[in-house]
1. When only C-alpha pairs under 8 Å and at least 6 residues apart count, what is the relative contact order of region 16-70, in percent?
2. How compact is region 25-70 by the rule of thumb for globular proteins, expressed as Cα Rg over 2.2 N^0.38 Å?
3. Ordered by packing density, taken as the mean number of other Cβ atoms within 10 Å over each peptide's residues, highest first, how do 25-31, 60-66, 35-41, 50-56 rank?
4. Once you put a point 7 Å from the Cα of GLU69 and another 7 Å from the Cα of VAL35, both along the Cβ direction, what distance in nm separates them?
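Rule-based calculations on the coordinates, nothing more; no lab input. The structure displayed is predicted, hence computed values, not measured ones. All Cβ positions, even for glycine, are placed from backbone atoms using ideal geometry, and neighbour counts span all protein chains on display.
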Amino acid sequence: MSPSWRSSSGPEYESSPHREEGACGTCENPVLEGVPDHRDRLLTDEEEASGDVMLICVSGALADRLVLEL
Ligand code: FES
């Protein structure tokens, strides 16, 4: 069985060979609050600096609280 992940209130997503590499953009999500720790290989420097979106398969948070629009 392939690995999967789920948000606290959203649907469960099956993992694929391309997930969790931070390179496809499938998991891009708007950031509503907080500071993302970008660990992907896709966003531009400008997108990372804006903090408006993040690729949630590989990235994390630099603050105690991070609110996403899922
Ligand atoms: S699933 Fe591909 S970048 Fe996150």
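1. Computed value for region 16-70: 48 percent relative contact order.
2. 0.98
3. Details: 25-31: 14.7, 60-66: 11.7, 35-41: 16.7, 50-56: 18.4.
For the peptides 25-31, 60-66, 35-41, 50-56, the packing ranking is 50-56, 35-41, 25-31, 60-66.
4. 2.3
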